[in-house]
1. Can you name the residue in the range 291-308 that is touching a residue at least 24 places away in the same chain (Cβ under 8 Å) and over 20 Å from the mean Cα position of the chain (by Cα) and, of all such residues, is nearest to Ile153 (Cα to Cα)?
2. Whether any residue in the range 272-282 is under 21 Å from the mean Cα position of the chain (by Cα) and among the aliphatic types (A, V, I, L, M) is what I want to check.
3. Quick check: is even one residue across the range 283-290 touching a residue at least 60 places away in the same chain (Cβ under 8 Å), of a type outside the set (Asp, Glu), outside any helix (DSSP H, G or I) and surrounded by fewer than 16 Cβ atoms within 10 Å (Cβ to Cβ)?
4. I'm checking my understanding of the structure. Among residues of the range 62-81 that are at pLDDT 95 or above and crowded, with 19+ Cβ neighbours inside 10 Å, which one is farthest from Ala42 (Cα to Cα)?
5. Across the range 274-317, which residue is nearest to Gly151 (Cα to Cα) among those that are at pLDDT 90 or above and β-branched (Val, Ile, Thr)?
6. Out of Glu260, Glu264, Glu219, Glu268, which single residue is surrounded by fewer than 16 Cβ atoms within 10 Å (Cβ to Cβ), touching a residue at least 12 places away in the same chain (Cβ under 8 Å), among the acidic types (Asp, Glu) and in a helix (DSSP H, G or I)?
7. So, in the range 1-45, of the ones that are in a helix (DSSP H, G or I) and in contact with a helix residue (DSSP H, G or I) (Cβ under 7 Å, 6 or more places away or on another chain), which residue ends up surrounded by the fewest Cβ atoms within 10 Å (Cβ to Cβ)?
8. Return the total of residues in the range 244-287 being hydroxyl-bearing (Ser, Thr, Tyr) and closer than 21 Å to Leu189 by Cβ.
Amino acid sequence: MRRVYSTESVGPAERLAFWNAIASRAIAPMSIEAMGAAPFRAELGRASLGRCELFSPRSTAASVRFDGAVRRRAGVRKRRMLLMLQCEGRSLAQLAGRDVELQPGDSVVIDAEAPYTIGFTEPTRVILASLEGDERRLAAMERVAGHRACGAIGAGALLSSFLRSTWAHLDDQLAEEGGGALSAALWDLAALAYGLPRSAVATGTRADDMRAQMQAFMEERLHDPALGAAMIARDFAVSRRYVQMLFSEIGFTPSAFILERRLERAAERLGQGEDCVTDVAFSLGFNDLSHFSRAFRRRLGVSPRAYRDAARRRAAT
């Protein structure tokens, strides 16, 4: 059953205290402060999705802080991770030792037991998925806490679209009949967006650890046009076939994974509206500007220049 809580049910002077109580009871104990001069308003939607739970808070500008002091107690709170999708407005999150800026469509993984601060400097709406279940998958998700998935491209865009659509169409009947399947699909899309194993095989195996090391190797060398399966195989003293097998388990070839990461990085930089398109392309290992432009357009539907110019216009408004 979907439930909705709104500050419109109380007087203006009581809204912030009411919102703190509602959010802390529904999600986790937290401290929320209003930002700006506009009267504070907020609304929280809540629904179950199999073994997961979805929340959709909407509010005027505000800051949210969780100090990490609340810990699980036996039989009281299960281990969980949070996946936050920015739907409207922008935010700056400080968590897991990172500063993460989110544009509409972007998502970030939050450790529900670690401190975090999120600043929403303008009216905003997010969808928050509380992920519970297999401890091995939760442990894998914990490894990417504080990481952002770009919602403009690739698996990050699929994850964003799935969460938005699920929230928009979820009703009691669908939640009851398809909640388990939708929850499983959410896990798989999140795993794909963050480069995690999608199977229930325990994380921490040699293969998973090796793939994680290879992904870190790739991230450090995205600027190198020669980056590919052959280079990875040489560095890790394994065969190219083994490299290809490891990445097939997360739904990619090595070259497709590298291209996705390069395009995601390019979208992040051009989305700031500052960088030169040519500089971005060559700094991310593309040695052919035409190839970069075609690949970017295939993934995002617009040219790199148009994408950057749109970001500049948004920033100017």
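1. Among those that are touching a residue at least 24 places away in the same chain (Cβ under 8 Å) and over 20 Å from the mean Cα position of the chain (by Cα), it is Phe296.
2. no
3. yes
4. Applying the filter and picking the extreme gives Val64.
5. Val302
6. Within the list Glu260, Glu264, Glu219, Glu268, the selection yields Glu219.
7. Across the range 1-45, the extreme among qualifying residues is Phe18.
8. Residues meeting the conditions: 2.
The values are calculated or read from the model by the stated rules, or taken from the named source; none is laboratory data. Predicted model, so just to flag it, every value in this text is computed and none were measured. Cβ: placed from backbone, ideal geometry, glycine included. Neighbour counts: every protein chain shown.
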